[in-house]
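The block underneath contains the structure these notes are about, expressed in structure tokens.
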Amino acid sequence: MTSSVREQTVNKRRGDKQSEGKSKSKSHGLADEADHTDDAGNQSNDHYKARLSPFRYSLRSKLLPIIRAESSYLYSLQTKLRHPILDFYFAWTANLASHTFYVLMLPPPIWFGASDLSRDLVYVLGLGIYFTGFLKDFFCLPRPRSPPLRRITMSSYTTQEYGFPSSHSANATAVTLVLISRLVNLDISRGEYWALMSGLILYYFSLIFGRLYCGMHGFLDIFIGSSVGASLFAFRHYWGKQWDEFLFNNALGAIPSAIIIIALFMSFIHVHSEPVDNCPCFDDSVAFIGVLIGLDLSHLVAFKTQYLANLNLHKDPFLLPFDSSQSPWKTVVRFILGVTLVVIWKTISKPVIFTILPPIYKFIGVNLPRKNFIATAHTKAPTRAIRSASISNETGEIGDINTFIKGITAHNQRDEVGPSTEIDYFEMLDYNKEHHLQEKVEEVAGVFKPRYDVEIIGRVIVYAGVSTTAVWGLFMATQYVPV
């Protein structure tokens, strides 16, 4: 069968399958169908053997049968429990561990007198996204097979990632443990304690079990993801103070300390594993590394100057002045002010940064040679085109509030399924193989993510600015707005 004929046949079968799936999904009030054969991790073994090192391929080969074997158990679980109300509930609650949700919810503790909590949450979540992203791109393992499973989601962005391990599980585990560690030390009534504890347990169960119910992850994904989250909680809980002392209270000056912070986190970007498929994990990791850099640089300035410490009774170097006894409306205005400043920064910074950086790269001739990758310094594309592409790539990803709200207010979730039969599945693999050969992608070692080019450095600056705005931006604004 020729490539063109195969493509027509596959497309026809895909169309027939999607039409059938859509009619089935109407009974659940669900939306779109999607073909997951081409998702990250679902290519043929030869595809990964040719592009991964022998060590990585060997590990992947050992774990892949476990991932595949879980599909039948997950399908049985999903089939027995499937109900429109549960579909709606678990699709919505999944947003409570999304990257964008955390970008929106991390600043408030900074604004309302919880400086230690803010550092703990930013660290466990930022590093959680990084390490799960690193492992996803390292092992290149797929999500549970669809079919037989159906993927229930409100975000197709998430389905583009590899499945192992679960970043949702890492996030949920780390956040729950951090909040429980604070809850047990609160001076509150027994009723309040159990009400809050029950809320945390419900939050954790909804996110962890929801990943299985929605067909997004398997048991191994959940276990390893949760282990990553628990490990990062243990790091912040037992060694967080020592780490902060190392960064801020050292014998070095402010500038050497800042260099250490930047170099340390940029080295994380440098060593991040390269995926074989086009997985967005690296972009998410870069964004949260930027958030960590911005937070630590902001707190470095606060610690070295002791400016904030002199304004609060606790002498906390990171604590923004906040009067907990002030009227509720002032608290609301403070929150709105903080969110507005972050949105303004993200809106303005992207076009400015992606306008300034390309000419600088071209002027100094930064050369980052890599097979099949042309650095900005040597591309013939005009600055306007580079700027437009960079801004476009930032839209709709983590921290994009408009996209997040649009997805939430759509009031529907997607019920997605892959190729209908094994014939479809293997025929699609065969077609993909020929398609890749035609494009000569077999010559590429992986989907190279440029580590220090315009797009990456721009992203780091944008997200570092988010946390800097949340700290110093709000503080300076409150000098003019009494909240």
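Results, tabulated for the structure shown:
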| read-out | value |
| --- | --- |
| Cross-link pairs Lys304/Lys330; Lys241/Lys315; Lys136/Lys346 - those with Cα-Cα distance over 23 Å | Lys304/Lys330; Lys136/Lys346 |
| Options Leu177, Val122, Met154, ranked by Cα towards positive dipole end of the range 113-183, top entry (Cβ charges) | Met154 |
| Karplus 3J(HN,Hα) series, Hz, for the range 124-130 with 6.51 cos²θ - 1.76 cosθ + 1.60 (x for Gly, Pro) | 5, 6, x, 6, x, 5, 5 |
| Estimated distance in nm for a label pair at Leu196 and Tyr238, the labels positioned 7 Å out from Cα along Cα-to-Cβ | 2.5 nm |
| Nearest-0.05 FRET efficiency for Ser231 and His314, computed from C-beta distance (R0 35 Å) | 0.70 |
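Every read-out reported here was derived from the displayed coordinates using simple, explicitly stated rules and does not represent laboratory data. Source: prediction; values computed, not measured. Cβ sites come from the backbone with ideal geometry, for glycine too, and all protein chains shown count toward neighbours.
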